[in-house]
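The next block holds one structure in the form of structure tokens; read it before the comments.
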């Protein structure tokens with residue numbers, strides 16, 4: 001497969017090595033003229049640093065725009081009129097969409113970078129480096145590869161599994177896709193390796209641990225409806241004590257504090273992308289530029305208000321009176337934030353703020369000016385980590401797995417939305433999240449309760465669309481439950497009155513085909529096999 005020529009630069013400050021990609025898809029290999037894995041990683045510290053690049057630059061194309069376009073616009077959490085991404089909100093994404101290509105390229109770049117480490121480290125690290133250090137780096141690389149594939153298969157369905165690019169490089173125009181079930185098996189194998197080989201209890205370093213692998217494994221098992229293993233892995237993480245909830249296990253911090261740069265790599269963070277604000281384009285978190293209502297917040301000339309919360313998301317928070325997560329996630333006119341625009345005594349969202357017609361703006365991942373963050377933000381770039389998993393996710397996974405075990409619909413079937421449980425352990429996990437949110441505890445929970453709770457907990461964190469996609473079964477060709485939910489969402493805009501008059505002029509009923517996105521046309525042109533029937537993967 002042919003891709004745009006890519007040069008994947010791992011910052012010297014992070015890794016001390018430069019790796020360049022070649023011209024063929026998936027097969028990024030460092031050239032002989034550059035410092036390579038084999039000649040550089042000669043000490044334990046250098047091997048430990050070998051995985052740093054996997055947490056930032058390769059993810060940039062996904063994180064910056066298309067990641068949230070898929071998760072927030074397709075799910076109905078957000079609204080936009082921006083021509084480059086509006087198609088994700090009205091289910092009109094074509095295979096020629098530029099941002100869709102960015103998703104494919106970015107995620108397969110993560111795979112390529114991980115494969116380079118997996119293929120080169122063991123053979124090139126001297127015996128003086130402890131095996132445990134090498135194994136940990138290998139585990140990190142396999143976790144990140146598994147994570148990239150978790151996104152790829154949920155977005156595109158059948159995708160090529162590339163484990164050893166050297167076996168494919170001579171035949172790059174005839175790479176087949178592999179079935180979703182094989183992709184999930186591959187992901188699970190990677191995560192099991194990471195769980196066994198990664199160092200435990202490394203929270204606050206920014207790197208993943210064996211506990212991180214267990215957490216992601218619990219989520220993957222949940223998606224495949226292997227509820228027994230989902231619960232086993234989730235409770236392993238909960239009981240380990242490696243991670244803690246802000247505002248519950250850790251006093252003095254709140255849910256809102258999770259989204260401040262000063263609290264990067266906190267005890268609740270399980271997997272997070274690591275960004276640097278002042279290291280050049282491609283190495284910082286660029287989402288504040290799109291999310292922030294105006295430059296009055298960022299003080300760097302950006303703040304475009306491209307994404308705004310839909311009325312449907314606003315209604316979801318309003319249905320949960322007193323929910324402390326609302327103000328941390330979305331701004332309503334009159335909301336005051338003391339830690340934004342501190343030089344002027346704080347920031348209040350203006351009464352007429354309505355960049356996308358919904359009279360509300362995004363707050364989550366909006367962190368403010370350089371002065372608000374000790375210099376850790378810049379034009380289209382902040383140092384705010386991107387959460388991939390937090391401990392609250394694991395609690396909700398455990399609660400859902402317990403319910404799933406009792407309902408037992410069977411692997412591959414949809415969620416039984418009529419099922420409920422009053423299991424004490426499930427309620428303890430579920431209500432711990434609601435306790436922090438400041439909302440009423442429940443004495444019985446259904447699947448719908450859990451999905452709604454996940455939406456409120458992880459809105460604007462890239463999760464709700466994938467929850468909707470799995471409601472009818474993780475590999476189902478039909479989506480009646482999700483279609484019913486989406487078709488009732490208010491995705492419209494409103495008048496400029498105060499309070500606004502809603503127009504209810506944008507509701508969408510997706511088809512079953514809309515729950516997977518097309519393989520980019522540029523990739524199909526280079527490799528027509530990508531849209532042919534998948535071929536079973538031969539596991540090594």
Q. Any idea how far apart residue 84 and residue 484 come out in nm if each label point goes 7 Å out from Cα toward Cβ?
A. 3.9 nm
Q.
If you fit an axis through the alpha-carbon atoms of helix 391-407 and take the longest principal axis of the Cα set of the chain, what angle between them do you get, 0 to 90°, nearest 10?
A. 90 degrees
(Q) With n ≥ 4 as the cut-off for DSSP H runs, can you work out [θ] at 222 nm for the chain, using -39500 (n - 2.57) per run divided by the number of residues, rounded to the nearest 500? (A) -11000 deg cm²/dmol
**Q.** On Cα atoms only, tilt of 98-124 relative to the major axis of the chain in degrees
**A.** 40 degrees
(Q) Give me the one-decimal nm value for the distance between modelled label points at residue 344 and residue 419, 7 Å along each residue's Cα-to-Cβ direction. (A) 5.2 nm
Q) Under the Kirkwood approximation applied to all pairs of distinct alpha-carbon atoms, what is the hydrodynamic radius of segment 93-245 in Å? A) 16.6 Å
Q.
Can you tell me the length gained on complete extension of the stretch residue 508 to residue 164, counting 0.36 nm per residue apart and subtracting the Cα distance?
A. 119.7 nm
Q: Return the FRET efficiency for the residue pair residue 44, residue 498: r is the Cβ-Cβ distance, R0 is 41 Å, and the value is rounded to the nearest 0.05.
A: 0.10
Q) Distance in nm between label sites at residue 533 and residue 124, each 7 Å beyond Cα in the beta-carbon direction? A) 4.1 nm
(Q) Working only with C-alpha atoms, what are the Rg and Dmax values of segment 283-434, expressed in angstrom? (A) 19.2, 57
**Q.** Alpha-carbon centroids, segment 428-471 and segment 246-283: separation in whole Å
**A.** 21 Å
Q: Please report the base-10 log of the normalised intensity I(q)/I(0) for segment 39-110, using a Debye sum with one equal scatterer per alpha carbon and no solvent, at each q in 0.15, 0.17, 0.20 (1/Å).
A: -0.57, -0.65, -0.80
Q: Please report how far the C-alpha centroid of segment 73-94 lies from that of segment 342-399, rounded to the nearest whole angstrom.
A: 21 Å
(Q) Quick check on the exposure proxy: order 522, 498, 64 from fewest to most C-beta atoms within 10 angstrom. (A) 498, 522, 64
Q.
Taking Cα extents along the principal axes in Å straight from the coordinates, which label in [x] 89, 57, 38; [y] 66, 55, 48; [z] 99, 50, 49 is the correct one?
A. [y]
Q.
Output the 0 to 90 degree angle, nearest 10, between the alpha-carbon long axis of helix 227-240 and the longest principal axis computed from the alpha carbons of the chain.
A. 90 degrees
Q: Give me 281, 447 ranked fewest to most by other Cβ atoms within 10 Å of their Cβ, as a rough exposure proxy.
A: 281, 447
Q.
Place a point 7 Å from the Cα of residue 95 along the Cα-to-Cβ direction; which residues of segment 504-540 have their backbone N under 13 Å from it?
A. 517-533
(Q) Just want the ordering: 469, 198, from fewest to most Cβ atoms lying within 10 Å of their own Cβ. (A) 469, 198
Q: Please report how far the C-alpha centroid of segment 483-532 lies from that of segment 289-315, rounded to the nearest whole angstrom.
A: 21 Å
Q. Which three extents, in whole angstrom, do the alpha-carbon atoms of segment 434-529 cover along their principal axes, largest first?
A. 53, 40, 24
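A short reminder: the numbers here are calculations on the coordinates, not readings from a lab. The model shown is predicted, which means the values in this text are computed figures rather than measured ones. Please note: Cβ atoms are built from the backbone with ideal geometry, for glycine as well, and neighbour counts cover all protein chains shown.
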